[in-house]
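Every number in this text was worked out from the coordinates using simple rules, so none of it is lab data. Please read these numbers as outputs of a predicted model, since none were measured by experiment. As a convention, Cβ positions derive from the backbone with ideal geometry for all residues, glycine included, and neighbour counts pool all protein chains shown.
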Amino acid sequence: MKELKVLLYRDWLEFKKKYLSYIFLWSLLPMMFYLLLTLPLSKYIKQVPVLEISYESWALPGIWICSASLFSYIYCFSRLRNLIIEDNQLEKYLKAPISNGQFLSSLLISSVFFGVIQLSISMFITLNLGIATVISNMDLFLIYFNIIFLIIFFSILGLLLSFYIKDNLVSGLVVFIIFIFLSFSLGTINPIPIETNQFFELIKKLPIYEIVLNTQMVIGQKAINVTPIVTTTIINCILFVIVLAISYKKFRK
Amino acid sequence: MEASITLNSIGKTFNKSTLLADLSFGVEKGTTFALIGSNSSGKSTILKLLVGIVEKDAGIAYINGKDIHTRSKEIRSITGYMSQNIDLDNELSIFENLIINGRLHGLDYKTAKENSIIYLEHLNSMNLVKLHPKDLSYGQKRKIMFIRSILHDPEVLLLDEPTKGLDPQSRNKIWDIIDKFIPRKTILFSTQNLEEAEKYADRIAILHEGNIKMDGTLERLVETTHGLSRYVLSFSSPPSQDFFDKIKENPRVLKPSLNGLDFEFYSREKKQFFNVLNIALDFSLDDIDVSTCKLRDLFIGLTDGGLE
């Protein structure tokens, strides 16, 4: 536990030096999603079926999910990948009396922490855009509670992919794919039509999609489903164990 | 005497090439042990293996009686390791690098700070504390890495070419610090600087192709040459082929070689030297040098096909 605290303190020291660029990114991401995706799409999608709320209100949790998940994915991916591909950078952790679990946990905790800050800043920015939305404190709690599981999921995904993606071109491409998947396939920015094809039928079965749906339900003042949160927690735990197992193969060769 | 580091039949292959082959040796507690060997002989792999950066494929190794495989974390907390390559955290200042490393090894902030200041002052590096690794020269980075490895007062110190890239004054200061601040600790260091091995190591091992060719005290290693001497004849102009043809006729002239204008060879018998000298006098002989075999000669002999 003491070692974990030191590792987190190290991340805090790094953050203190780069806080301006972090704040810039945290502000840029939700604005980019709003200006480049939600605003143009709002010309074509007036109202979202089932929830019967305006598209702009409906898309708000989508912007929060996309920006927080994407930030956490990139944070975890780039931190671990840089340590792995840069000569000897990982050695400074491997020679210290810390376990792989502690090291990976520190990356995950930092990533989730920064993801939550991204989520808060995204909320602050988008809720001040004048979009008619009523959100109570309870709604805010439910939205945080749901999205945090997606942040954890994409952080672990970042850790997992950093073991295998060495090439800059491929890593850029994967970020683009995740961005497209988050924005358009997961029903965050673009509503999934009721009559769908096989691909969307598959997407609808994903617990992370159901979490996205939960956050939209909160905006639409409807009841949420707890099952996908439990399922995503289990998936996150399994994924982290896989990442840990891979780390024992990859770190100490 | 109690063993501090024990390696028993250690094997390690990487990408189908053998790095360590059935390697066994021990380092006594409180002694300094030098590993010398040519590039890729396996020196760094041994140190990385002991600190847990690489995993062994075969064999068993202990540090202070603890199995390095099963009690790896414990071992890392009592070990100080300095890598051959720069592995400072580029995102942190030098002071932060030292503090974080000290705290990861169990020191509290105050002790980590105090120890950092003591060593930084001793190595005249206090001016570097606020800088980042990218602002430092190679030698300065190496000094900081050395301080980092001893900050937590480790029981066992593993140093991979600790003075590589340092000026002579800094080299001496590094060894001064070891003498002054961490006496009677077990130190295993690798080096290509044979004088350093001769001067500071209690025992020396010559490593070649992943195995130890010979190990022991300097005196014992030199004894194994059985009175072999090294002769150097310096010429004012390169001797002709005729000279070499005449030398070749004498099989007891060992490992003859020409380095620039210096003709070098080994022999156990002074008579052979007189024979060569006699031949050389017909050419433009300038100077002669005779010395008994030292570590350098033994090293060359063992790692470059043997002297005989």
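Observations, loosely collected:
- Shown here: the range B:138-186, whose C-alpha atoms stretch 27, 16, 15 Å along the first, second and third principal axes, sorted largest to smallest.
- Environment charge of B:Ala205, counting only residues whose C-beta is closer than 9 Å and scoring Lys/Arg +1, Asp/Glu -1: +1
- Per the Kirkwood formula applied to alpha carbons, the range A:146-253 shows a radius of gyration over Rh ratio, Rg over Rh, of 1.02.
- Above-threshold pairs, the threshold being 19 Å between Cα atoms, out of B:Lys48/B:Lys73; A:Lys253/B:Lys12; B:Lys164/B:Lys255; B:Lys12/B:Lys43; B:Lys12/B:Lys141; A:Lys18/A:Lys166: B:Lys164/B:Lys255; B:Lys12/B:Lys141; A:Lys18/A:Lys166
- Within straight-line cross-link reach of A:Lys17, lysines at Cα separation under 17 Å, skipping those fewer than 8 residues along the same chain: B:Lys130, B:Lys134
- With K and R counted +1 and D and E -1, the other residues having a Cβ less than 12 Å from that of B:Asp289 yield a net charge of -3.
- Measuring nothing but how far apart in sequence close Cα pairs (under 8 Å, 6+ apart) lie, relative to its length, the range B:251-293 scores a relative contact order of 26 percent.
- Within a straight-line Cα-Cα reach of under 29 Å, A:Lys204 can be paired with the following lysines, leaving aside sequence neighbours fewer than 8 residues apart in one chain: A:Lys43, A:Lys46, A:Lys222.
- With Cα atoms defining each centre, the range A:148-197 and the range A:34-97 are spaced 8 Å apart in the structure.
- The range B:202-211 - phi-based ³J(HN,Hα) in whole Hz, Karplus 6.51/-1.76/1.60, Gly and Pro as x: 6, 9, 10, 10, 9, 9, 8, 6, x, 9
- Cα-based equivalent ellipsoid of the range B:145-241: semi-axis lengths in Å, sorted from largest, via gyration tensor: 33, 19, 13
- Annotation for the range B:113-167 versus the range B:32-94: alpha-carbon center distance of 18 Å.
- Most mobile of A:Ile238, A:Ile143, A:Ile74 in a GNM of chain A (Cα contacts under 10 Å): A:Ile238
- Note on chain A: with a GNM built from Cα contacts shorter than 10 Å, the maximum mean-square fluctuation among A:Ala59, A:Ala68, A:Ala223 falls on A:Ala223.
- Fraction of C-alpha pairs exceeding 39 angstrom in the protein assembly as shown: 46 percent, rounded to a whole number.
- Label separation (A:Val134 vs B:Arg268): 10.4 nm, computed from points 7 Å beyond Cα along the C-beta direction.
- Residue by residue, the range B:251-262 carries 3J(HN,Hα) couplings of x, 8, 8, 8, 6, x, 8, 10, 10, x, 9, 9 Hz when phi is fed to the Karplus relation 6.51 cos²θ - 1.76 cosθ + 1.60 (θ = phi - 60°); x denotes Gly or Pro.
- Calculated from backbone phi, Karplus (6.51, -1.76, 1.60) coupling profile of the range B:288-301 in Hz, x at Gly/Pro: 9, 9, 10, 9, 6, 5, 10, 4, 4, 5, 5, 4, 4, x
- Cα-centred dipole magnitude for the protein assembly as shown, charges only on beta-carbon of K, R (+1) and D, E (-1), debye, nearest 20: 1280
- Span from the the range B:189-223 Cα centroid across to the the range A:107-132 one, whole angstrom: 60
- Debye log10 I(q)/I(0) for the range B:155-308, one point scatterer per Cα, at q = 0.15 Å⁻¹: -0.87
- Relative contact order of the range B:1-103, taken over Cα pairs closer than 8 Å and 6 or more residues apart, is 26 percent.
- Average Cα contact separation per residue, chain B, under 8 Å, 6 or more apart, as relative contact order %: 20
- Residues whose amide H comes within less than 5 Å of that of B:Ser4, counting only those at least five positions distant or on another chain, are B:Val27, B:Glu28, B:Lys29 (H built at 1.01 Å from N in the peptide plane).
- Between B:Leu188, B:Leu285, B:Leu221, the GNM of chain B built on Cα springs shorter than 10 angstrom shows B:Leu285 fluctuating the most.
- Rounded to the nearest 500, the helix-only mean residue ellipticity at 222 nm of the protein assembly as shown stands at -16500 deg cm²/dmol, with each DSSP H run of n ≥ 4 adding -39,500 (n - 2.57).
- Mean projected area of the convex hull spanned by the Cα atoms of chain B, taken over all viewing directions: 18.8 nm².
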